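Structure first, commentary second.
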Amino acid sequence: MRFSLRPVETSFYDLFTESASHLVEGSRLLAEMLDPTKDRSAIAERMREAEHQADETTHKIVRRVNSTFVTPFDREDIYRLAGLLDDVMDFMEETVDLIGLYELGELPPEVAQQVEVLQRATQLTAEAMPRLRTMKDLEEFWIEINRLENQGDRAYRRIVAHLFGGSYKTLEVMKLKDVVDSLEHAIDALESVANTVEQIAVKES
């Protein structure tokens with residue numbers, strides 16, 4: 001039987017769950033943004049509000065760390081996990097903002113594949129956060145996130161090859177490349193979240 005001298009502090013787990021729930025909403029709004037018939041300005045505004053709420057949750061985590069004498073796991077890991085979750089949201093908000101600012105129309109189909117990866121990965125992340133409480137049943141999470149990240153990489157490479165295949169004008173290539181790069185960064189940040197969860201689980205086991 002494993003014994004721990006750490007107190008039962010549930011608020012951190014609740015806050016991480018809250019943080020991950022913002023990512024689910026962000027990926028949903030991002031998927032909406034792909035449809036050129038939708039009111040993209042309104043979607044972008046809702047995304048900015050979602051990103052603001054995610055920032056508030058991150059600040060709450062940091063304040064809680066700074067005011068808690070003994071944390072449920074290493075402070076550095078808490079800071080890192082909170083920061084990475086925040087990074088995912090920032091990259092998704094950046095993607096939505098770029099689509100609007102660049103006034104892009106129909107996006108390449110591979111972009112939708114990247115967003116599908118993000119939606120699935122954010123959902124898995126939201127489901128995994130409450131399990132930090134027990135550190136159980138988390139291995140499938142980081143394995144599946146790694147698989148999804150590889151899938152996202154393949155979609156990214158196909159998009160880049162398509163963009164530089166001669167079908168797009170130079171300025172359009174630059175705009176679309178910015179968008180798919182932001183999506184790739186968001187997917188990479190989700191993999192970093194999963195890797196951090198794995199490291200925490202190994203330390204605490």
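Taking the conditions exactly as written (out of contact with any helix residue (DSSP H, G or I) (no Cβ under 6 Å at 6 or more places or on another chain) and within 20 Å of Ala128 (Cα to Cα)), does Phe73 satisfy them or not? So Phe73 fails the test. Here Val70 clears all of (1) part of a helix (DSSP H, G or I); (2) exposed (fewer than 13 other Cβ atoms within 10 Å of the Cβ) except the condition numbered (1).
I'd like to check something: does region 112-135 contain any residue that is on the phi > 0 side of the Ramachandran plot and either in contact with an Asp or Glu (Cβ under 6 Å, 6 or more places away or on another chain) or among the aromatic types (Phe, Trp, Tyr) (or both)? Checked region 112-135: at least one residue is on the phi > 0 side of the Ramachandran plot and either in contact with an Asp or Glu (Cβ under 6 Å, 6 or more places away or on another chain) or among the aromatic types (Phe, Trp, Tyr) (or both).
For region 36-47, residues that are surrounded by 12 or more Cβ atoms within 10 Å (Cβ to Cβ) and either under 17 Å from the mean Cα position of the chain (by Cα) or modelled with pLDDT of 95 or more (or both) total 6.
Sub-6 Å Cβ pairs linking a first residue in region 35-49 that is within 13 Å of Leu104 (Cβ to Cβ) to a second residue that is surrounded by fewer than 12 Cβ atoms within 10 Å (Cβ to Cβ) and acidic (Asp, Glu), at least 6 apart or interchain, are Pro36/Glu106, ordered by first then second residue. Name the residues in region 67-93 that are in contact (Cβ under 8 Å) with a residue 12 or more places away in the chain and more than 12 Å from the chain's Cα centre (by Cα), would you? Of everything in region 67-93, those that are in contact (Cβ under 8 Å) with a residue 12 or more places away in the chain and more than 12 Å from the chain's Cα centre (by Cα) turn out to be Thr68, Val70, Thr71, Pro72, Phe73, Asp74, Asp77, Ile78, Tyr79, Arg80. Looking across Glu94, Glu110, one residue alone is among the acidic types (Asp, Glu) and modelled with pLDDT under 95. It is Glu110. Among the residues of region 20-47, those that are of a type outside the set (D, E, K, R), part of a helix (DSSP H, G or I) and closer than 20 Å to Ala121 by Cβ comprise Ala20, Ser21, His22, Leu23, Val24, Gly26, Ser27, Leu29, Leu30, Ala31, Met33, Met47. Every condition in (1) polar (S, T, N, Q); (2) in contact (Cβ under 8 Å) with a residue 24 or more places away in the chain; (3) not in a helix (DSSP H, G or I) holds for Gln151 except the one numbered (3). Considering only residues in region 12-35 that are out of contact with any helix residue (DSSP H, G or I) (no Cβ under 6 Å at 6 or more places or on another chain) and of a type outside the set (A, V, I, L, M, F, W, C), the one that is modelled with the highest pLDDT turns out to be Arg28.
The values are calculated or read from the model by the stated rules, or taken from the named source; none is laboratory data. Bear in mind the structure is a predicted one, so any value in this text is a computation, not a measurement. As a convention, Cβ positions derive from the backbone with ideal geometry for all residues, glycine included, and neighbour counts pool all protein chains shown.
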